[in-house]
Amino acid sequence: MNGPFPSLVLDRVGMVFPAASGSARTVLDGVDLSLHAGQCLALVGRSGSGKTTLLHLAAGIAVPTSGRVLIDGEDLGGMTENARTRLRRDRIGIVFQFFHLLPHLNVAENVALPGWIDGRPGGGLEKRVGELLDRVGLADRSRDPVGRLSGGEMQRVALCRALLNKPSLLLADEPTGSLDDRTGQVILDLLLEMAEAERCALLLVTHSLTVAARAERIFELHDGRLRQDPGVPS
Amino acid sequence: MIRVLGHGLLGLVREGRTLLLLTVVGVSLGVGSVVAIQTLNQGALQAFGGSVRAVSGQADLTVLGTVPTIDPALLPRVLADPAVRDAWPLCRLDAALADGSGDLIQIVGFDVFAPVRYPLTRQLDETGSAADPGDLVAAAMAVPGWCAVTPHLAASHGWAVGDTVPVSSGSRLARLVIGALVDFQRYEPLAPVNIAVMDVAQAQALLARPDAIHQIDIVLAGDEDPGTAAARLQRNLGPGVRVLTPEQRAEDAAGLLAAFRLNLTALSLISVFVGLFLVLASVQASLVRRRREFGVLRVLGMQPRQVLVLILAEAGVLGLLGVAIGIPTGFRIALWNVETVSATLTSIYVLEEISRLVLTPTVIIIGTAVGLGGALCGAVLPALDMSRRGVVELLSPLTMHEGARRTAVPLALLAVAAMTAGLLWFVAAGGGNRYAGFILGFVMLIGLPLLVPGVIRAAGAPLRPRGLGWVLSLRNLTIRLRTSSFAVAALAVTISMMVGITLLVGSFRQTLVTWLDVTIRADVYVSTESWIRAGNEAFLDAELLTALGGRPDVQAVETQRRLRVSTADGRHRVWLSGIAFSAVPGVTLASRLPLYAGDPEAVAGRLLASEAVVIGEPLARKAGLGPGDDLVLAGPDGPVSLPIAGVAFDYTSEAGTAFTTLETFGRHFRSDQPNNAALFLQPGADPDAVVAELQRTHRGRPLVFRSNATLRREVLAIFDQTFAVTRTLQTMALFIAACGLALAQLIQVRERAGELALFRALGATRAQISRMFLGEGLAMAGLGLALGLGGGAGLAALLILVINREWFGWTIRPDVPLGALALEVAVILGAALAAGIYPAWKSGLSSPAQLSRDDL
Ligand SMILES: Nc1ncnc2c1ncn2[C@@H]1O[C@H](COP(=O)(O)OP(=O)(O)OP(=O)(O)O)[C@@H](O)[C@H]1O
Ligand SMILES: [Mg+2]
C-alpha cells in the first residue's frame, strides 16, 4: 500500500452531467490532483461546487467523463464495475456526514461489515475490530446497538469501519458536518491521528475553513477547477 | 379531494408499477379462484336444472320412480286425481353410441300425443316449414328408431336427417334414425346438448323394456297449490314413487353436491385470504413511503377522516382493478376445468354433464364483493393507523416496523390462545355441529399468520451474524418485520393448504388402493358401454352370460345388478347392488369384505344364508345405521326392510351404497337381470390374453372387457380427475403467495435503498447484494415452509379425520406421500426463488452515490 505510487491521482478529470433542459452541466473541468500516503488534503468549496462528485470519482463510485483516476497507480478507467467495487472494498475507506451505520447491527458488527463483505474469517476480523474500537475509546461499547450512541460516537464507529480493511486512501465527506463544534474537533483529531497511524492518505471535504486549516494542503473547487490554498475565508 | 386522490393514484403507478401490478395480480387471482369455483358450482346445478326444464318445462309436478321404474298402472291413478289436468309418461335412459366413440346420449321417450307443448315438443312443432307438424308426429310413430336431436349434436357427429345411428343400451343394439334436427336450446339455453327425443313406445321397445316408465310429468288444473297436490298424490301413489315439485328436484341435486361444492368453496376462499395479505402489505408499504406526503397534506389542513377516505378510495380502485381482471380470469379458469369437473359430476355423482358455463350476475356480484371487500379489508388497518398519527409523527422519519416488533410476542400469544380455545371448543362442543371442522380450520388459518412475526423474531433475533451469510439474511427479516411477516404469512397459509390437501389426497389414494386390493379380486370385468350412467336399463343378456360361463378358462362368473333406490323415508339415496356370489377357491366372500364393523366370516355367512345386507360406511354414518339395524328401502311395492349384517368401507359413492345377494335383490326389486359380470379365471390363465380374445369375439357389440389391472387404473384415474380442480386452486394460491414474496422483496429493496447503497459504497458487488436478497427470499420461504408444513399437517388431520368423515362419510387412513410432498416442497422453493429473481436483480442496481444525499 505504500508503493512508489501516490495513493490517489486525478489526471485532468472532467465531469459533465446531462441536465434536464438537454444541455450539459460541467461540474468538474480538468482537475489535477495527487495525494500520497500519510498526506492530508482538505477540499473546500461552495455548496454545489462538485466536492461530493469529486469524492465519488476518487472512490470509483462514478466514472469521469474525461481524464483518469488512479488509485495506487491503477487506472480505474480500464476497470469493470466489479473490479472498481473490489478495489473500493480493499483500498478505500469512506466516512460520511450522516455516519450511515446500520441500526440493527451493534457497534462491533457495524465495524466488521467491510470484513463480512470481504468474506474474511472471524478470528482475525474480531481482533482487528477490537483494536480499532480500542483506539477510538469505544472498546467497552462494542456490544451496544448503535442507536444508543451519540453523534460523535457514531462517527467514531464509522471511522473504524472505514479503516477496517487498511485502506490506502481515506475519503471523508463533511465528517464533522452534523456534529457540534467541540465534538467535531474531537472527531477531526481522531481522523487525522488514525489516518497518520494507518499510513493512509486522507481527502477531507469540508465547508469549514477551521477544519480545513488542520490539513497540510487546502484546495478549493470553483467553477469546476481546483485552486490551491485559497486563503480567503468563505 | 378528487384531485388529490387522482394525484395519489398516479403517484402509485409512477413510483411502483411492479408493486401495483403484483398487488392487482394477487387480488385478481383471489377473485379468479372464487369466480371459477362459483361458476363451476352453478354450472353443475344449472346443467341439472336445464335438463329438468328442457324435459319437464311446463310440468308442475314430476313423479319419479324410486326403483327407478314406475309401475305403468300408476298413470291412470295420477290422471284420476282431481287436481291433475294432464299427465304423461316418459321413458328415460342413457344409451351409448355404437360408433366406437362410446359417447353417451340421453334418450327421452315422450308421448307424442301429450297435450302439453313443453320445450322439446314445442320446437318440434315449429321445425321445418316444409313439414307439417302432423307429419312429424306421424313419422315419430311410424318410422322405426325415429328421433330428434339437436343440430349441435348432429354436427359434432356428422349426422344429417335420414342417417341411421347405431346405439346400445346394455348389451342391446338398436338403430336410431335422425328424423329431425331440433334446437332445444333455443327454448332452454341450458338444455343438455346430447339429448335425443323419440316416441315413448319406440324407446321402450328398442332400448328398454315394454312399459318401462321412469317419470310421469303432471300439469295441474287451475289454482291448485302444487305442494298440496304433491302431498295428496304421494299418499295415493304409495312409497314406490316420489312426487316432486321442480324446486324439490333442484334441491335434490344441490344436496347431492353439497359436500363437493362446500369443499371447493372453502378452498377458493383460502386464495382470497392469501390475496388479502398482499393488499395489506402493499398498502402498508405505500403508506410508509408516503407518510411525509400525508404529513404535508395534514399540515395544509386535511382532516384525519379525509386521509382515511383517501387511502380507502385508493385501495378500492386497486380492488376494482383486481375484480376487472379477476372475473374474466376466473371464468377462463372455470372453462379450462369444466371438463374434469363435468367428468366428476357424471362419473361420481351421476348428474348431467356441464355443457355450457355462463357467467351469472350472482357470480359477478360475489366476485366484485370479494375483490372490493378484500381490498378494503386489507387497507383499513393501515389506513386507520395512518390517519390517527399526528402531523409531527408523520413528518419525522419514524420506522413503522418498530410497532410490529413490539406486537410480535402479544400477537403470537393471542394466536396460541385462539388456537387452543378453538381446539378446546372443538373437542368439547364440536361433535354436534357439522361445520365445526370448518370453523376449527378457519381458526387455525387465522392463527397461523398471527404467529408469523413472533416466529420470525424468534428465528432471527438470537443469532449473531458473522458475514453476509444466511444468518444476516434471517436477521434482516426481523428488521423490517411487517413486510416480511406479510409475505411469510401468505406463504404459510398457502403451504398449509397445499400440504393439507396433498396429505389428504395421498392418504385417500393409498386407502383406495388398499381397498381395491381387497374388493377388486376377479380377473376380468364385463360391462357395457352405456353402463356408467344407465345402470338401470343397461343389462347383459343371458346368452352372453352363458357363453362366458361356458369358457374352459373361466372358473366362475359372478354377476351384479345395480340400482339406485332411496331409503323409505326418502332421505338417502342408495346404490343397491345384488350380487350372485360364486365360491371360488382361495377367494372366499369373507376375504373380500372390507369390513368396518362386523366379523367377515359371520357377515359372509349371514349374507349367503339369509336375507341381509351389508351397507357402505358413508350410508352408515349419514343414516346412523349399523349392524343389527334394518335398512328400509323404498321398493316398487312399498318399503323393503333388510337387516344389516355389517358395515363395509366403501369409496364408490358418497351418496351411500349397500349390497346383498342377487337373489334377495330380485325378490324385492323384481329384476335380477345383471348389469355387470366378473370372471374368475382358471389358475394359470392370462387375463390380458382372455380380455383380448373376448374383445375379438364380441367385436361390434357394445361390451367392455377390462382386466383387473385396467379396472384399477381406471378407478384411480377417476379419483385423480376428481382432484384436478383442487390442483388448479393450489396452483393459483401458490401464484398469489409467490406474488406476495416478490412484493415483500420489492418493498424491501425500496425501503432499504440506503442500506444497500452503503453496502455498495463499502465495496459489496452487485452479485453479493443480489445473493443477499435471494438468501432473504429463501429464508422467508424456509420459514413459510416450516410453518406451512405444521399448519398443513393440522389441516390434513382436520380434513381426514373430521371434515371427510362428517361430509363424505369416509374413513381415510392417514398416510404421508413422501414423494408428492418432496415434489411440492421443491415446487414451493422453486417458486420462491423465481419470485426473488427480479427483486434480487433490482437490489443490485442500487447506487452507492445515493448515500451522500439520503439518510438510512
Ligand atoms: N447524478 C447527477 N446528475 C446530475 N447532476 C448532478 C448529479 N450529481 C451531482 N449533480 C450536480 O452536480 C453539482 C455538484 O454536486 P455535488 O453534490 O458534488 O456538490 P457539493 O459540492 O457536494 O455540494 P454540497 O456542499 O451542498 O454537498 C450539483 O449542482 C448537482 O446538482
Ligand atoms: Mg456534498
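Under the condition of being more than 16 Å from ligand 2 (Cβ to nearest atom) and either without any contact (Cβ under 8 Å) to a residue 24 or more places away in the chain or within 14 Å of another protein chain (Cβ to nearest Cβ) (or both), the residues counted in region A:195-212 number 1. One residue alone among A:Ser66, A:Ser34, A:Ser49 is more than 8 Å from every other protein chain (Cβ to nearest Cβ), within 16 Å of ligand 1 (Cβ to nearest atom), surrounded by fewer than 17 Cβ atoms within 10 Å (Cβ to Cβ) and touching a residue at least 12 places away in the same chain (Cβ under 8 Å), and that residue is A:Ser66. Among the residues of region B:504-524, those that are among the β-branched types (Val, Ile, Thr) and modelled with pLDDT of 90 or more comprise B:Val505, B:Thr511, B:Val513, B:Thr514, B:Val524. In region B:496-505, the count of residues that are out of contact with any Cys (no Cβ under 7 Å at 6 or more places or on another chain) and within 14 Å of chain A (Cβ to nearest Cβ) is zero. For region B:179-203, the set of residues classified as out of contact with any strand residue (DSSP E or B) (no Cβ under 6 Å at 6 or more places or on another chain) and assigned to a strand (DSSP E or B) consists of B:Leu181, B:Asp199, listed by residue number.
Answer yes or no as to whether A:Gly115 is within 13 Å of chain B (Cβ to nearest Cβ), more than 16 Å from ligand 1 (Cβ to nearest atom) and part of a strand (DSSP E or B). No: the conditions fail for A:Gly115. If you go through region A:39-61 and pick out every residue that is away from ligand 2 (no atom under 13 Å from the Cβ) and over 14 Å from the mean Cα position of the chain (by Cα), you end up with 0.
Could you go through region B:492-510 and let me know if any residue there is within 26 Å of B:Leu823 (Cα to Cα), out of contact with any helix residue (DSSP H, G or I) (no Cβ under 8 Å at 6 or more places or on another chain) and assigned to a helix (DSSP H, G or I). Among the residues of region B:492-510, at least one is within 26 Å of B:Leu823 (Cα to Cα), out of contact with any helix residue (DSSP H, G or I) (no Cβ under 8 Å at 6 or more places or on another chain) and assigned to a helix (DSSP H, G or I), which makes the answer yes.
Of the residues making up region A:128-149, those that are loosely packed, with under 11 Cβ neighbours inside 10 Å and either in contact (Cβ under 8 Å) with a residue 40 or more places away in the chain or within 14 Å of chain B (Cβ to nearest Cβ) (or both) are A:Arg143, A:Gly147.
Has region A:156-172 got at least one residue that is within 16 Å of ligand 2 (Cβ to nearest atom), in contact (Cβ under 8 Å) with a residue 12 or more places away in the chain, within 14 Å of another protein chain (Cβ to nearest Cβ) and within 21 Å of A:Leu57 (Cβ to Cβ)? Taking every residue of region A:156-172 in turn, at least one turns out to be within 16 Å of ligand 2 (Cβ to nearest atom), in contact (Cβ under 8 Å) with a residue 12 or more places away in the chain, within 14 Å of another protein chain (Cβ to nearest Cβ) and within 21 Å of A:Leu57 (Cβ to Cβ). Just so you know, in region B:808-853 the residues that are charged (D, E, K, R) and over 30 Å from B:Glu654 (Cα atoms) include one that is surrounded by the most Cβ atoms within 10 Å (Cβ to Cβ), and it is B:Lys842. Residues of region A:3-27 that are more than 9 Å from ligand 1 (Cβ to nearest atom) and in contact with a Gly (Cβ under 6 Å, 6 or more places away or on another chain): A:Phe5, A:Asp11, A:Arg12, A:Val13, A:Gly14, A:Thr26. For the structure I just gave you, tell me whether B:Gly454 is more than 30 Å from B:Arg771 (Cα to Cα) and in the same structural domain as B:Gly500 (by TED's automatic domain parsing). Criteria not met by B:Gly454. Restricting attention to region A:37-46, the residues that are touching a Pro at 6+ places or on another chain (Cβ under 9 Å) and more than 12 Å from ligand 1 (Cβ to nearest atom) total 2. Is one or more of the residues making up region A:54-61 more than 9 Å from chain B (Cβ to nearest Cβ) and away from ligand 1 (no atom under 16 Å from the Cβ)? Looking for residues that are more than 9 Å from chain B (Cβ to nearest Cβ) and away from ligand 1 (no atom under 16 Å from the Cβ), one finds none in region A:54-61, hence no.
Filtering region B:529-573 to residues that are part of a loop (DSSP other than H, G, I, E, B) and under 13 Å from B:Gln673 (Cβ atoms) leaves B:Gly535, B:Asn536, B:Glu537, B:Ala538, B:Phe539, B:Leu540, B:Asp541. Here A:Arg89 fulfils each of the conditions (1) within 16 Å of ligand 1 (Cβ to nearest atom); (2) under 18 Å from the mean Cα position of the chain (by Cα) apart from (1).
So which helices (runs of 4 or more DSSP H) are wholly in region B:704-810 and hold at least 1 residues that are more than 14 Å from chain A (Cβ to nearest Cβ) and touching a residue at least 40 places away in the same chain (Cβ under 8 Å)?
By residue number, B:708-722, B:724-751, B:766-797, B:804-807.
Helices (runs of 4 or more DSSP H) fully within region B:1-116 that include at least 1 residues being modelled with pLDDT under 85: B:2-15, B:17-56.
The values are calculated or read from the model by the stated rules, or taken from the named source; none is laboratory data. Being a predicted model, the structure only gives us computed values, none of them experimental. Using ideal geometry, Cβ is built from the backbone for each residue, glycine included, and neighbour counts are taken over all protein chains shown.
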